[in-house]
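Notes follow the structure.
The values are calculated or read from the model by the stated rules, or taken from the named source; none is laboratory data. Note that the structure is a prediction, hence the values are computed from the model and not measured. Here the Cβ positions follow ideal geometry from the backbone for every residue, glycine too, while neighbour counts run over all protein chains shown.
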Ligand SMILES: [Zn+2]
């Protein structure tokens with residue numbers, strides 16, 4: 001065993017909600033019910049229960065939802081009578097062709113680059129943690145923090161559609177409406193966020209114990 005002592009070796013447990021470190025209650029004293037934080041009352045556990053299974057399930061669900069998010073139209077635009085429905089990628093192409101490079105780039109980054117990076121990052125974290133991989137634990141902990149950071153900005157794409165819709169509505173000449181694809185995209189964002197939340201980053205360091 002290398003590195004600093006573990007919480008369970010010291011007989012202490014930390015609260016997820018308020019951060020208080022308290023003495024780990026012995027199994028007999030729990031009387032069948034879950035140990036609770038003495039300060040805030042939330043349930044205490046050394047590791048998130050079923051962390052990997054839940055994170056996997058949510059990640060796979062988000063991958064499934066990513067298909068209709070890309071195949072179904074996300075918005076309907078009608079500029080001077082010409083109506084057309086656009087998927088995410090065809091929308092990017094349309095905006096690029098019409099010279100709105102900024103919007104095209106934002107949509108591409110928010111709806112293709114970021115989600116795909118997230119899928120890869122979460123998949124890597126889950127596979128390596130499950131295999132109790134001991135390589136690059138520090139880097140993987142950093143990767144997890146990056147995934148959490150990205151999470152805050154993932155709804156950008158949904159916001160862009162709302163923003164573009166508002167801009168076009170003011171123009172009065174054109175019409176724009178959201179379509180079903182954007183709902184699936186919203187689901188992808190929510191599911192990947194939940195998957196990242198369910199992944200317990202402390203599991204990365206457990207590979208160090210043998
Ligand atoms: Zn607490």
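Structure above, values below:
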read-out	value
Selected residue (only one of 154, 111 is part of a helix (DSSP H, G or I), at pLDDT below 85, in the same structural domain as residue 56 (by TED's automatic domain parsing) and under 16 Å from residue 63 (Cα atoms))	111
Unmet criterion (only one of (1) under 24 Å from residue 156 (Cα atoms); (2) in a loop (DSSP other than H, G, I, E, B)) for residue 116	(2)
Tabulated pairs, the stretch 117-134, first not assigned by TED's automatic domain parsing to the domain that holds residue 145, second outside any helix (DSSP H, G or I) and modelled with pLDDT of 95 or more, C-beta under 9 angstrom, 6+ apart or interchain	none
Candidates 73, 49 - the one that is outside any strand (DSSP E or B), surrounded by 15 or more Cβ atoms within 10 Å (Cβ to Cβ) and more than 16 Å from the ligand (Cβ to nearest atom)	73
Hits in the stretch 20-37 - residues which are modelled with pLDDT under 90, loosely packed, with under 15 Cβ neighbours inside 10 Å and within 16 Å of the ligand (Cβ to nearest atom)	23, 34
Conditions (1) modelled with pLDDT of 80 or more; (2) more than 16 Å from the ligand (Cβ to nearest atom): number failed by residue 79	(1)
